Amino acid sequence: MNAPIRRGACPRLAAPMPTGDGFLARLLIAGTVGLDAMAGLCRSARRHGNGILEITSRGSLQIRGLTATSAAVLADDVAVLDIDAVDGVPVVTDPLSGLDPTEAADAGELAATLRAALAAEPLRLDHKIAVAIDGGGTLGLDLLRSDVRLRAVADRGAILWHVAVGGTADKSCALGVAQPRHAVEVVTRLLRTVAAYGPAARAVDLMRSKDDSLRRAVAGLVAAAPSPPLRRPVDAVALHVVRDGRVALGLGLPFGHARAAELECLIDAARAAGASGVRTAPGRVLLFVGLAPTAAEDLRAAAARLGFVIRPDDPRRFVVACAGAPICGSATVPAREIAAAVAATAAPLLDGSVTVHLSGCPKGCAHPNAATLTFVGTDDGCGLVVGGSARDRPAGAVAADAVPAAVGHVAAEMVRARRPGETSADVLARIGAAQVAAIVAEAHHV
């Protein structure tokens, strides 16, 4: 337990990472997990760890509180449970791949082939590198930050894969389209090129530096083509029609975590409702699949009683928090405790147009993107960043225990200043970052 904690590192099932409450193991799960297997994983989390499980922003599953010895036993349990937990470069697919009647292609099939190819060619890459493969269905991956992005597009009766690099769909750089038979080679060449710039290199860095090596790497395999249109985001916390007249029910984990005992109760309710299995989804969501529409409502009601997020407009969906102190060794403030209080006191602000981020330290692991309000743990309290990320320079400061009241004060001022038809984001943009910071400082100044 005395191993150093390297900032910027990412845990994996095969390489758990030490943190404040022991070792942390991360599983990227491919496809559907049977309910019995998921219940078994919860029991393993209680037996080998501290019983806390998390779903990350990318949809990975994390188990906390492990020891160096029990982490190895957990990996053995996962193998026995027949859970398809993939390792290596994270290759993320749209969460309903293979089940979504609106998808252009099954992203899961391509992802499996790509993972096998990458396993045969180990590359020294940054731990944050990720590949997104989007089949073009309802729950797309436009908002997921990825180094390489593939999206299935229909072209005169055929399917092509649109290729882009560096960031979310709206920020990435489009390279063109590739034939399905070339898709794996395209991704492999792009990752090889990134790896050639060193183990800390990212695709977005190459594009920002005007380096055209990524384009050269796929010359002859990618043809020029317009980017597919951005899609309106569909929240995974909802009912989704899948094949065979069934539905999938998305349920959120409050601030991305739950205790194993709570999840076991939810799995029991899913079993009683007739669900065939569960998938993880970006946005810290579990998708229960194989449900009849009427039975899904019974499961939703049970989830509400257990404290899970059942509505996309739940204020907790718009407050992002890392594990915080004392769970994470890098954190200086109890981010999740603060987040729960913020969601309760600032509900009028949290209308879906804004995001409040509680980060235990400047790494910003839970939300690397900019947020409307970001509170960053420091030795003296929390720094306030307006319209930026946890890595940006704070515009002010507030005591950690005063953050909920300060955000509540912002919410009250926003309600007073709101004009007809304005969202919270509209109001805050109109009054400006400096005034928002002044409102926080006026409420509780450090």
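Tabulated data
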read-out: Region 35-50, residues that are surrounded by fewer than 20 Cβ atoms within 10 Å (Cβ to Cβ) and either of a type in the set (Lys, Arg) or touching a strand residue (DSSP E or B) at 6+ places or on another chain (Cβ under 7 Å) (or both); value: Leu35, Arg43, Arg46, Arg47, Asn50
read-out: Number of the condition not met by Arg216 [criteria: (1) of a type outside the set (A, V, I, L, M, F, W, C); (2) surrounded by 14 or more Cβ atoms within 10 Å (Cβ to Cβ); (3) in a helix (DSSP H, G or I)]; value: (2)
read-out: Residue satisfying all of: in region 150-168; of a type in the set (Gly, Ala, Ser) and at pLDDT 95 or above; nearest to Ala112 (Cα to Cα) among these; value: Ala152
read-out: Filter result (under 18 Å from Gly381 (Cα atoms) and of a type in the set (Gly, Ala, Ser)) within region 399-426; value: Ala399, Ala400, Ala402, Ala405, Ala406, Gly408
read-out: Test result for Val73, out of contact with any Leu (no Cβ under 6 Å at 6 or more places or on another chain) and crowded, with 19+ Cβ neighbours inside 10 Å; value: no
read-out: Positions within region 290-311 being without any contact (Cβ under 8 Å) to a residue 40 or more places away in the chain and either aliphatic (A, V, I, L, M) or not in a helix (DSSP H, G or I) (or both), in sequence order; value: Ala295, Ala301, Ala302, Ala304
read-out: Matching residues in region 378-403 - criterion: being over 16 Å from Ala441 (Cα atoms) and surrounded by 22 or more Cβ atoms within 10 Å (Cβ to Cβ); value: Ala390
read-out: Scope region 227-247; condition under 30 Å from Val165 (Cβ atoms) and not charged (D, E, K, R); matching residues; value: Ser227, Pro228, Pro229, Leu230, Pro233, Val234, Ala236, Val237, His240
read-out: Filter result for the condition that a residue is under 17 Å from the mean Cα position of the chain (by Cα) and β-branched (Val, Ile, Thr), over Val289, Val342, Val309, Val333; value: Val309
read-out: Complete set of residues in region 190-200 that are touching a helix residue (DSSP H, G or I) at 6+ places or on another chain (Cβ under 9 Å), assigned to a helix (DSSP H, G or I) and either among the acidic types (Asp, Glu) or surrounded by fewer than 19 Cβ atoms within 10 Å (Cβ to Cβ) (or both); value: Arg192
read-out: Qualifying residues in region 218-242 (those that are charged (D, E, K, R) and farther than 28 Å from His182 by Cβ) - the one modelled with the lowest pLDDT; value: Arg232
read-out: Criterion: over 19 Å from Thr345 (Cα atoms) and part of a helix (DSSP H, G or I) - qualifying residue of Ala402, Ala434; value: Ala434
read-out: Residue identified as buried (at least 19 other Cβ atoms within 10 Å of the Cβ), more than 17 Å from Gly396 (Cβ to Cβ) and touching a residue at least 40 places away in the same chain (Cβ under 8 Å) among Ala347, Ala331, Ala340, Ala371; value: Ala331
read-out: Only listed residue being in a loop (DSSP other than H, G, I, E, B), buried (at least 22 other Cβ atoms within 10 Å of the Cβ) and either in contact (Cβ under 8 Å) with a residue 12 or more places away in the chain or not hydrophobic (A, V, I, L, M, F, W, C) (or both), chosen from Gly364, Gly421; value: Gly364
read-out: Scan of region 158-176 for residues that are over 16 Å from Asp126 (Cβ atoms) and buried (at least 22 other Cβ atoms within 10 Å of the Cβ), ordered by number; value: Leu160, Trp161, His162, Val163, Ala164, Ala169, Ser172, Leu175
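This table checks each residue for (1) outside the structural domain of Arg284 (by TED's automatic domain parsing); (2) in contact with a helix residue (DSSP H, G or I) (Cβ under 9 Å, 6 or more places away or on another chain); (3) without any contact (Cβ under 8 Å) to a residue 40 or more places away in the chain; (4) not β-branched (Val, Ile, Thr).
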{"residue": "Gly140", "(1), (2), (3), (4)": "yes, no, no, yes"}
{"residue": "Arg149", "(1), (2), (3), (4)": "yes, no, yes, yes"}
{"residue": "Ile159", "(1), (2), (3), (4)": "yes, yes, no, no"}
{"residue": "His162", "(1), (2), (3), (4)": "yes, no, no, yes"}
{"residue": "Asp170", "(1), (2), (3), (4)": "yes, no, no, yes"}
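The values are calculated or read from the model by the stated rules, or taken from the named source; none is laboratory data. All values reported here derive from a predicted model rather than from experimental measurement. Cβ: placed from backbone, ideal geometry, glycine included. Neighbour counts: every protein chain shown.
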